[in-house]
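Comments concern the structure below.
Just so you know, all these numbers are worked out from the coordinates, no wet-lab data involved. Note that the structure is predicted; figures quoted are calculated from it, not measured. Note that each Cβ is placed from the backbone with ideal geometry, even for glycine, and that neighbours are counted across all protein chains shown.
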Amino acid sequence: MVRTITLNDGKKIPALGWGNMHGEYAIKNCAEALKLGILHIDTAQAYKTEPESTQSMNEAGLKRDQVWVTTKISDFSKTKCTQEDVRRSVTESIERLGYIPDLILLHNPFLAGAGKSVTEFYGYVEELVKDGTLKGCSLGLSNFRPQDIEELMKVATIKPVVNQIEYHPYVLTHLDAVMKLHEQHNIVVQSYGPLTPLVRHPTGGPIKPILTRIAERMSKETGKHVDEAAVLLLWTMQKGAVALTSSSKDERIKAFAETENLPDLSKDEIDEIESAGRKVYFRHYKNHLTRDHPPPDLPQDV
């Protein structure tokens, strides 16, 4: 079973995706993820893994229409950032991939550089959809703060379908304003770093014992080994977000893929994880969402 989420343009995006960021593993491990049923690749110009993403698809023996592919437009701060600059950048991504992606994102709200607004930049990309350069491609955002979304939605003629942000229980309070705008405009969260509480928080924080308890229950009831990471990925997807993850270890890739076949968490379990997560604030990626959008006054752990 492949869980999907319906976007505001009617397309269905796989709810579990492979973040293809690591050059060394961009072919082998991505191909393994695809073979195991994670049919969603998230790449970017900045990752320099667009060609490898397509090669991994070929090595997995999959056709283009079997895999959802997202890429991202990166920094234009050192160029003039004209319509033709953006066209050239997007065309180069298409050439590296070998096809038009399913979804293309603006990697952050600051990529247009000095003298250009993000709304003007987004307008350039909209024109590429309208003139056929990005025919059939959905548009989205990444690392957009509340003020960026508000500014963009005043002028956008093609509604962004997603905003890819760091999303997990320990940033929920900081994301309240972002999530309110997502709900207002039917924008889906794409979560990078969904396992941050487990892999980057010093202790795992207040949700760790909850995840452990749920994992033990699910292991007993399903007869499968279910760990805390699987529970947190389920929580992410059941919150309506796309969960993007990756690993260099074959056993972890297999475990991620098997998450698709696990039963849902109960509503009480989802609420319990959220309630505990809101007691602290812990973010790994601080470059974008905290700029002129102050984090909450919460402890890192309790």
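For segment 280-285, the Karplus equation 6.51 cos²θ - 1.76 cosθ + 1.60, evaluated at θ = phi - 60°, returns couplings of 9, 10, 8, 10, 8, 9 Hz by residue, with Gly and Pro reported as x. In this structure the amide hydrogen of TYR285, modeled in the peptide plane, comes within under 5 Å of no amide hydrogen from residues 5 or more places off or on another chain. Shown here for segment 95-179: trypsin sites (Lys or Arg not before Pro) in loop regions (DSSP other than H, G, I, E, B) with at most 12 other Cβ atoms within 10 Å, namely LYS135, LYS154. With 0.36 nm allotted per residue and the present C-alpha distance subtracted, the HIS284-GLU92 stretch has 66.0 nm of extension available. At full extension, GLU183 and THR212 could sit 7.4 nm farther apart than now, given 0.36 nm per residue minus the alpha carbon distance. Using the Cβ-Cβ distance between GLU24 and GLU84 with R0 set to 35 Å, the FRET efficiency from 1/(1 + (r/R0)^6) comes to roughly 0.55.
Estimate the FRET efficiency between ILE270 and LYS11 by the formula 1/(1 + (r/R0)^6), using the beta-carbon distance for r and 25 Å for R0, to the nearest 0.05. Plugging the Cβ-Cβ distance into 1/(1 + (r/R0)^6) gives 0.50. Structural descriptor for segment 1-144: relative contact order 19 percent, calculated from alpha carbon pairs under 8 angstrom and at least 6 residues apart. Just to verify a number: FRET efficiency for ASP65 and SER248, C-beta to C-beta distance, R0 = 25 Å, to 0.05? That gives a FRET efficiency of 0.30. Of the listed pairs LYS72/LYS279; LYS180/LYS279; LYS72/LYS254; LYS135/LYS159; LYS116/LYS154, which have alpha-carbon separations greater than 23 Å here? Listed pairs above 23 Å: LYS72/LYS279; LYS72/LYS254. Under 5 Å from the amide H of ILE5 lie the amide H atoms of ILE13, ALA15, each residue being 5 or more positions distant or on a separate chain, with H modelled from the backbone and absent for Pro and chain starts.
Taken one residue at a time, the phi angles of segment 150-166 give Karplus couplings (6.51, -1.76, 1.60, θ = phi - 60°) of 4, 4, 5, 5, 6, 10, 4, 9, 10, 5, x, 8, 9, 10, 8, 9, 5 Hz. Gly and Pro are set to x.
Summarising the amide proton neighbourhood of VAL162: residues at separation of 5 or more, or on other chains, whose placed amide H is nearer than 5 Å comprise LEU141, VAL188.
Summary value for the chain: 18 percent relative contact order, contacts being C-alpha pairs under 8 angstrom separated by 6+ residues. Approximating the spin labels as points 7 Å out from Cα along Cα→Cβ, the ASP301-to-GLU258 distance works out to 2.9 nm. Listed values for segment 44-60 are Karplus-derived 3J(HN,Hα) couplings in whole Hz (6.51 cos²θ - 1.76 cosθ + 1.60, θ = phi - 60°), namely 6, 4, 5, 6, 6, 10, 5, x, 5, 5, 5, 4, 5, 5, 5, 5, 7, and x replaces Gly and Pro.
Taking Cβ atoms as reference points and 15 Å as the exclusive limit, the residues near ILE149 contribute a net charge of -1, counting Lys and Arg as +1 and Asp and Glu as -1. The order of the peptides 140-148, 207-215, 190-198 by mean Cβ neighbours within 10 Å, most packed first, is 190-198, 140-148, 207-215. Relative contact order for segment 67-204: 20 percent, from Cα pairs under 8 Å spaced at least 6 residues apart, divided by residue count.
Note on the chain: with a GNM built from Cα contacts shorter than 10 Å, the maximum mean-square fluctuation among ASN20, ASN108, ASN261 falls on ASN261. Footprinting exposure proxy ranking of MET57, MET179, fewest other C-beta atoms within 10 angstrom first, gives MET179, MET57. Here MET237, MET21 are placed in order of increasing Cβ neighbour count within 10 Å, fewest first, which gives MET21, MET237.
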